[in-house]
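The values are calculated or read from the model by the stated rules, or taken from the named source; none is laboratory data. Note that the coordinates shown come from a computational prediction; the quantities given were computed from them, not determined experimentally. Neighbour counts run over all protein chains shown; Cβ positions are idealised from the backbone, glycine included. All accessible areas refer to the heavy atoms of the entire protein, side chains included, with ligands and DNA or RNA removed. Shrake-Rupley method; radii C 1.70, N 1.55, O 1.52, S 1.80 Å.
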Amino acid sequence: MLRVENLRITLRGTPIIRNLSFSLDRGEALGVVGESGSGKSMTALAIMGLLPGLMRAEGKVIFEGENLLDLDDDAMCLYRGRRIGMIFQEPMTALNPVHQVGDQIAETLVLHGLMDRVAALREATRLLDRVGIEDASRRVSSYPHELSGGQRQRVMIAMAMSCKPSLLIADEPTSALDVTVQSEILDLLRDLRLQEGMATLFISHDLAVIARIARRTLVLYGGAAMETGDTGVLLKSPRHPYTKGLLAALPHGHSRGTRLSPIPGFVPAAKHLAPGCPFHGRCPRGDETCADFPPPPSFEATTAWCFHPERGS
Amino acid sequence: MIGRALRHPSFVVGLLITLLVIGTGLLSLFWTPYDPGVMRIMNRLRPPSELNWLGTDQFGRDVFSMLMVGARNALLVGIVAVGIGVTIGVTLGMIAAHGEGSLLDEAIMRACDFTFAFPAVLTAILILTFLGPGVVNAIIAIGIFNIPVFARVARGAALQVMARDFIRAARAAGRTGFSIILRHILPNIAGLIIVQASVQFALAILAEAGLSYLGIGTQPPNPSWGRMLNDAQTFLAQAPLLAIFPGLAIAFSVLGFNLLGDGLRDLLDPKTKER
Ligand SMILES: Nc1ncnc2c1ncn2[C@@H]1O[C@H](COP(=O)(O)OP(=O)(O)O)[C@@H](O)[C@H]1O
Ligand SMILES: [Mg+2]
């Protein structure tokens, strides 16, 4: 349903995303994980055709048979909000403070010509109820500042799914929420995917969150794919040193008292990246080859783009 | 919000003064103690009394009645001149913000800088020498100087709003271009525009008084506070109150609109707004 092929994003010639390919089936959830600055958000925005002004995307984003990168803004509007919904990290700021939440949900339905305003407001109430907001008929006329962070994220989800899109892109939808609320939102997103059949591209910097929601995972670093495969396999026996590093930085699976080991160093700026593997500077196994040549994919239990992958078990 | 507003001293004082000026102007449409145009030479230069509350001028006209009608004149100039500035200025500001960095944006902003580079009063005098004196032309001249003020404020505020997440969310929901401006940006910058408008309103009243004082604004027999000041000059030694009353009227209303603007600025500032 969604096939991204050789996606390259550049900012004044500096690569932000290099040759990224992945695909998503109808009703499937794919997790995209990587540290902050890896290019997750830009990948999502490229699919929506909403990259910041000076960034350019090349390659293909095939969605339901159409290459979205070929479409102009007007044509993209038939996809944005209608066939592809998107939710963002900051539920505090992603809603317009001056409009009632019901109005903002109804707006999308009216905009795409699915309903008139009255019917759309009624549908907004139903959607609020659907995403688990109590007392929806009253809440529909609340302003965003009257809601908690979790409730606002539910409103965002209601907005994004109002036109029943076949793809939902969720960019760090739970990262700004506290743990219990985070867990509720993840359950809601899973329910919605299973019941409404929306495919979900779920972006997070947190492998633990991805593990709860996506059967398949793509690990992204420095704008390039590091490893992809079944989430369970990836967690149990990661083959790319970067995936291993991400796992070691998780509180999961460590016995009490052992220290978490974050990956040493930090994400280099896009313009300082060598032509080879973006991770080689921080990689315990990196050598000269890694610096100079992009690693080919090696296929085993998972697919890893690495010259020196761990052997799959 | 209303409770907070009522506890804000400069907002309350400003609002009361503003309402008083507006009320006086409206009342003058139906009632004044005397017809402000009728001259009674016999009664010239009378001091304040029970008959003429604020006295009479050199033609025997009732000063209080003239001040009332003058308020109406000042309000009319303020409303139309600021109205011109808001509509054209905000439109230009939105167009500039929408195409940030484009040639059009550059052109609009340079044109604003250009207008700012001239001293407003001198240029207004220049415009009025071209168009001829009169209140309508004075309004146009003052209005023109309001345009770049609102264009800049609107552009700056719009760019700030555009950087916020809900604009990206609106795009992701399928909105584009000007519908984003109308639905998502304008309502969020309306507060700032209103604050600016009340400040500009005070300036417009002052400008009209100045131009009329110079004799190129409101023309007789229409009463204007600025004209009254001018007329009073000749009799400053005999009847100083003749200059003091219109002077006070100008100062009072300018103060009122400025206080109102300050109060609104505080009340509408998102940083001080309660969640
Ligand atoms: N508006 C922008 N203008 C220029 N560069 C940007 C912008 N937003 C992000 N970037 C750069 O693009 C790269 C990828 O960022 P992003 O996709 O936001 O990462 P992630 O979502 O994985 O944290 C980073 O190097 C970042 O510095
Ligand atoms: Mg991001």
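Scanning segment A:45-69 for residues that are under 17 Å from residue A:6 (Cβ atoms), within 13 Å of ligand 1 (Cβ to nearest atom) and not in a strand (DSSP E or B) yields A:46, A:47, A:51. Under 30 Å from residue A:75 (Cα atoms) and either hydroxyl-bearing (Ser, Thr, Tyr) or open to solvent by 20 Å² or more (accessible area, probe 1.4 Å) (or both) - does that describe any residue in segment B:218-230? Within segment B:218-230, not a single residue is under 30 Å from residue A:75 (Cα atoms) and either hydroxyl-bearing (Ser, Thr, Tyr) or open to solvent by 20 Å² or more (accessible area, probe 1.4 Å) (or both). Between A:150, A:132, A:102, the distinction of being open to solvent by less than 60 Å² (accessible area, probe 1.4 Å), part of a loop (DSSP other than H, G, I, E, B) and touching a Leu at 6+ places or on another chain (Cβ under 7 Å) belongs to A:132 only.
Scan segment B:115-144 for residues that are closer than 28 Å to residue B:102 by Cα, modelled with pLDDT of 90 or more and open to solvent by 30 Å² or more (accessible area, probe 1.4 Å) and jot them down. Once the filter is applied, which keeps residues that are closer than 28 Å to residue B:102 by Cα, modelled with pLDDT of 90 or more and open to solvent by 30 Å² or more (accessible area, probe 1.4 Å), segment B:115-144 yields only B:144. When residue A:98 is tested against (1) facing chain B (nearest Cβ under 10 Å); (2) of a type in the set (A, V, I, L, M, F, W, C); (3) under 16 Å from the mean Cα position of the chain (by Cα), only condition (3) is not met. Evaluate segment A:51-60: report whether one residue or more is touching a residue at least 12 places away in the same chain (Cβ under 8 Å), crowded, with 20+ Cβ neighbours inside 10 Å and away from ligand 2 (no atom under 16 Å from the Cβ). Yes, there is a match, as at least one residue in segment A:51-60 is touching a residue at least 12 places away in the same chain (Cβ under 8 Å), crowded, with 20+ Cβ neighbours inside 10 Å and away from ligand 2 (no atom under 16 Å from the Cβ). Every condition in (1) more than 14 Å from chain B (Cβ to nearest Cβ); (2) out of contact with any helix residue (DSSP H, G or I) (no Cβ under 6 Å at 6 or more places or on another chain) is met by residue A:76 except one, and the failing one is (1). A single member of B:83, B:101, B:70 is surrounded by fewer than 17 Cβ atoms within 10 Å (Cβ to Cβ) and in contact (Cβ under 8 Å) with a residue 60 or more places away in the chain, and it is B:83.
Between A:64, A:90, the distinction of being within 16 Å of ligand 2 (Cβ to nearest atom), open to solvent by 40 Å² or more (accessible area, probe 1.4 Å) and touching a residue at least 24 places away in the same chain (Cβ under 8 Å) belongs to A:90 only. What do you reckon, is residue A:167 under 14 Å from the mean Cα position of the chain (by Cα) and more than 16 Å from ligand 2 (Cβ to nearest atom)? Yes: the conditions hold for residue A:167.
When residues in segment A:174-227 are screened for being among the β-branched types (Val, Ile, Thr) and either assigned to a loop (DSSP other than H, G, I, E, B) or within 16 Å of ligand 1 (Cβ to nearest atom) (or both), 6 of them pass. Out of B:237, B:232, one residue alone is more than 14 Å from chain A (Cβ to nearest Cβ) and not in a loop (DSSP other than H, G, I, E, B). It is B:232.
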